[in-house]
Every structure is written in structure tokens, then in C-alpha cells.
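Undergrad: My structure is below; once you've seen it, I'll send some questions.
The values are calculated or read from the model by the stated rules, or taken from the named source; none is laboratory data. As the structure is a computational prediction, the values presented were derived from the model and not from experiment. Cβ coordinates were reconstructed from backbone atoms using ideal geometry, including for glycine residues, and neighbour counts include every protein chain displayed.
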Amino acid sequence: MLPVRALLGETTEEEKRLQFLKAREEMKTLPMTPSPENAPKPKPKPKPVQPTPTPEPAAPHPRQKPEPEPETTPKPRPKSTPEPAPPRPPAATPRPAPEPPPRPILPPKLPPAPLTIEKSGFEQQRGFQPAPPAGWFEHWKYLTPSVRAEIDHAPVLARRWRYIVVHNSGTRQGNAKAFDYYHLHVRKMPNGLAYHFVIGNGTSTGDGQIEIGNRWRRQINGGHVHSDYLNSIALGICLVGDFNRDFPTNRQLEATEELIRYLRQRVGKIDRYWAIVKPHREINPPRWPTDCPGNRFPYRWIHGRFDQPGT
């Protein structure tokens, strides 16, 4: 039986000492088992020795420019005391200016004489050319009194018209009104009919009938020659017809001769010569050739009548 103290869980000092000694003996008899914490750590294996790489020669460094030395700021010099200005000499007494000589008395100025400017070509205007006398060549066959009155009424400048050019219309019929409509609306000529006069062939107007265009009444440039300069000094007469296929009528040629003779008298002479008469193809610039007034026009007739000076 256990003692009552043991049941109660109480021990004496002697029992505690015996238990301590017994536990120490048990500790001596047990083998020492190394714990993982107290176990010796394995030595690490030595690493293989690698060969030391040979260092490459270093690239030569570019020469560096020597840095400029900072400029030394010059020390300010002490300001010198300005020397006193020398005394000015006393001002000289001004001499009296000499009196100007008396101006000569000039005569009063006269107004300048008027300048006279003479222009060349058709612009050399010396007034208006008078109409031929009333009794000159009264036996006109185609120049009716109304036609002559219109020709005389126009304000013709002296020395203006130097040429008279003869054309054909290139059509077998027509008149001044039809050609005016064509030139104004189709060819877009602002002054309409390009000729100064039209002579009919008996189709749309009478055979040899002379019609006067607006360009003669207004005394403006023609539009019948391919040259602005020639149009300004040349009158244009158009004979109705296509003279590459037909011949002009006799009445047309007679009316043309009467009209040219009267126009020469009306525009006057230039340098003692009458206006020069030319077929269109003989006066047109070579750059713009033409067969007008046609291959069947009588060129010998026109040269024989009007080539002589003063006729």
C-alpha cells in the first residue's frame, strides 16, 4: 500500500533526492544521440579554379584639348581727373556782310509757244479732208447721189487712208446686211461688217449696187486684212461672189472702178500719190497667205487701171 502522502501527491525531501539520483544514473547509461541541431555541418567542396583572363590592352584615349584658362578680369583703372579745358579766346567781332548787288530788271516773261507734234503713219492728222467739188465727174453710173452724199458726209482725216484693198466674199450670194450679221455673231467682231463697202452681184442686191458699211460712216479701222496696222490705213471693198469658181460680173468691175476713183479723190493724195490699190492676196502678210479675191479675178485689169502713179 502506498503511503497516504503519496496518494495525496506530496513527497518528502528524501524522496526528491532519491529520484534525482536515479534520473542521473539513467542519463549516464543512455547513449548520446546527436540532435539535428547539434550535428556537425559538412564542409563545402572546393570550387574548381578558373584561369584568369588576360586583360586586353586599353584603347588609347583621344587627347583632350586643354581647357582654356579663364580670363582674368582686368582690374578697373582708377579714373583720372579730367584736366581743365583751356580758356577760350574772346569771340571776334563779326564783320558786316557785304550788300548784294542790285538785281537787273528783266523784261516780263512771255507765254511759251505752243508745241506742234506730228505723228507718223495714219496718226499724222492735219485736219479733215474736204469732199471733191460738186461738179467733178458728173457722169456716174453706179455712184448714185445718195451713195455720194454718204461718202462725202463721213469725217475723213487727211493722210489717213493709204491703201484700197479689193476682196471677194467667197459666197455666191449675199449683201452687206448678211455679212454684218455673220461677222458680228459668228466671228464675234464687235464692229460687225469687216469691210467699208460691198458691191453686189445681182443675187441679194442689184448687180453692181454699192452698199456703204458702218466702218466708213464712223471712220474706224477695217477688219479685212490680217494685220492691225494695215487695217488702220486700208479701206476694204468686197465684191459678192466666189471667184475661185466664177468670174465677177462686168457691172461689178465697172462699179468697183468708179468707187475706187471717187474714194481716191475723197481721201486725197499722200506725198503727191493717190491711195495704192491692191488685191487682198498681194497685201496680206506672208505669214497668213490667202487666195482672195480668187484665181478667176482679173488681176491684169486691176493693175492696168490703178498701178500708174497719180491715176
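Undergrad: How many residues does region 163-188 hold that are within 20 Å of residue 292 (Cα to Cα) and either touching a residue at least 60 places away in the same chain (Cβ under 8 Å) or part of a loop (DSSP other than H, G, I, E, B) (or both)?
TA: The qualifying residues number 14.
Undergrad: I would also like to ask the following. Can you tell me which residue is farthest from residue 227 (Cα to Cα) among those in region 262-297 that are loosely packed, with under 14 Cβ neighbours inside 10 Å and over 42 Å from the mean Cα position of the chain (by Cα)?
TA: Going through the qualifying residues, I end up with 272.
Undergrad: For region 213-233, what are the residues that are out of contact with any helix residue (DSSP H, G or I) (no Cβ under 7 Å at 6 or more places or on another chain), hydrophobic (A, V, I, L, M, F, W, C) and touching a residue at least 40 places away in the same chain (Cβ under 8 Å)?
TA: Result: 216, single match.
Undergrad: Could you count how many residues in region 180-207 are among the aliphatic types (A, V, I, L, M), closer than 20 Å to residue 263 by Cβ and surrounded by fewer than 20 Cβ atoms within 10 Å (Cβ to Cβ)?
TA: Number satisfying all stated conditions: 0.
Undergrad: Here are some conditions: (1) out of contact with any Leu (no Cβ under 8 Å at 6 or more places or on another chain); (2) part of a loop (DSSP other than H, G, I, E, B); (3) at pLDDT 95 or above; (4) surrounded by 20 or more Cβ atoms within 10 Å (Cβ to Cβ). Residue 248 meets all but one. Which one does it not meet?
TA: That leaves (1) as the condition not met.
Undergrad: Follow-up question, since we're still on this one. Just to be sure I understand the filter: pairs with C-beta atoms under 8 Å, separated by 6 or more residues or on different chains, first member in region 247-261 and closer than 12 Å to residue 201 by Cα, second member among the hydrophobic types (A, V, I, L, M, F, W, C) and in a helix (DSSP H, G or I). Which pairs pass?
TA: 253/301
Undergrad: Given 151, 210, which one is outside any helix (DSSP H, G or I), of a type in the set (A, V, I, L, M), in contact (Cβ under 8 Å) with a residue 60 or more places away in the chain and crowded, with 17+ Cβ neighbours inside 10 Å?
TA: 210
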